[in-house]
Structures are given as C-alpha cells and as structure tokens.
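Comments concern the structure below.
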Amino acid sequence: MHVSNTLIMAVVAAMLGLNIAIGYMAFSEPPDYSVNIAPNTQQVYQGDSGAYSVDLSSLRGYSSQIRLRVTQAPEGVDAYFENNVTQLASSQNTSLKMSFKVAKDAPAGLNDIIIEANGGGLVHKITGKINIVGTGRVVVNIVNFWFYPTNLTIRKGTEVLWINKDPTGHTATANDRTWDSKLLQQNQEYVFKFDKVGAYQYYCVPHPQMIAQVKVVD
Ligand SMILES: [Cu+2]
C-alpha cells in the first residue's frame, strides 16, 4: 500500500513536470539579441565628427558572431566601424563604436542613420538620428508648398537663405514678424542672419499651413 502510494505520487509528479516542460517549450521565445544605439540623437556641427555606441545584448541564451554595417547615412556624412564584428555569448553585453565625419557642406537638418546587425542570419535594424547644425550659410528650399529642411538647427551668427523653387509666390515670415521675406516669386531669395539663441517659428503668409522652425544654438 505504502509503495503504490509513492508510485502514484511519482507518476503524478512526472506528468506534471512533463506538462510544465511542454508549456515552457510552447510559450518561450527563441534565443535572440537586442541592438541599441546611444545616444540615439546627436547634434553635430557641419565639418565636425562624433561617435555612437552600438550596444548588443544576448537574450535567452543567444550566442553567435554579429556583424554590423551602416546601410544608410545622410548626405555628406561618412559613418564607419573600425571593428564591425563581435562575438556575443549567452547572457553577455558588448558594444562597438561607430564613428562619423560630417562634411563642411553636408546639408543641415535632422536625418536618420541606419545600422544593420546580422547574427548568423538573424538580422536587426536600428535607426539613430543626427542633427547637422548649420554653421556658414544654410539654404532652405521652398518646394511644393513646403520648407526644406523643416526643422533646422544653426549656430548663432549663421545666415539662412530661403529660395523659392515653386512657380507660386511664397514668404518666409517669423510668427512674431521680427523678420519677413515678403512675397518671393520663383527663384527669388531672402537672407536673414540669426544672432540670438532661440527657437523661431515661421510660416508662409499666403499659405499658413506651411510652417517650419529655425533653432539657434551657441
Ligand atoms: Cu506659400
């Protein structure tokens, strides 16, 4: 009697264990890794350089060699890894440094930089942002009823030149009216020099849905 009770309990325990194991196999996710870029957004002057840290973490026992490459960089930005391969073992974190150089004539504005990680065929993409700060004279094109770049950051003392590429007349007019291009016909230009730090919202008088911003930094 005593023996058979023990036997029943053992069988029940084994079945319960098997159930848990099956449940675990059905619901647990496969080994993977995560990729992060830090700092996600960087502000860099034209002609300057910088670096991102690309951080990799093993998830759920993932273990493989990982290869990184830059798949998209803004115009005038040279982004590169001195060492783009790393071995990621279970429960580990590692980082690779991605450096970049911004050409003096790289267009100012906020743009994406995209990195692809390939760990044994398991591919992840990660997007960082780079805000290129204008330092000399920056051009804003008015095209198809919009300002490009829309959110522009410049260094104090920088001139911004607006040029209207549309056959329709447009203006670039500060919300507080401290500066105003007046109506620009096709290919006409307007220049304003920003000497004070701040954020300046502006719009087009005939088309008030055309809104943009110039941010001035030290
Ligand atoms: Cu307009």
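Read-outs: derived from the displayed coordinates by stated rules, not from any lab. Predicted model only: the values in this text are computed from it and were never measured. Here the Cβ positions follow ideal geometry from the backbone for every residue, glycine too, while neighbour counts run over all protein chains shown.
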- Counting Lys and Arg as +1 and Asp and Glu as -1, each charge on the Cβ, what is the dipole of the chain about the Cα centre in debye, to the nearest 20? 180
- Item | the stretch 58-123: trypsin sites (Lys or Arg not before Pro) in DSSP loop, at most 11 other beta carbons within 10 Å | Lys104
- Short version: ³J(HN,Hα) in whole Hz for each residue of the stretch 125-142, in order, from phi by Karplus 6.51 cos²θ - 1.76 cosθ + 1.60 (θ = phi - 60°), x for Gly and Pro, what are they? 10, 9, 10, x, 10, 10, 9, 7, 8, x, 10, x, 10, 10, 9, 10, 8, 9
- Task: Within 10 Å, count the other beta carbons around each residue, average over each peptide in 191-197, 112-118, and list them highest first.
- Result: 112-118, 191-197
- CD proxy at 222 nm, helix term only [per DSSP H run n ≥ 4: -39500 (n - 2.57); per residue of the chain; nearest 500]: -4000 deg cm²/dmol
- Message: What is the angle, in °, between the Cα long axis of helix 2-27 and the longest principal axis of the Cα atoms in the chain? Nearest 10 is fine, range 0 to 90.
- Response: 20
- Note on the structure: Contact order relative to length for the chain, counting C-alpha pairs under 8 Å separated by 6 or more residues, stands in percent at 15
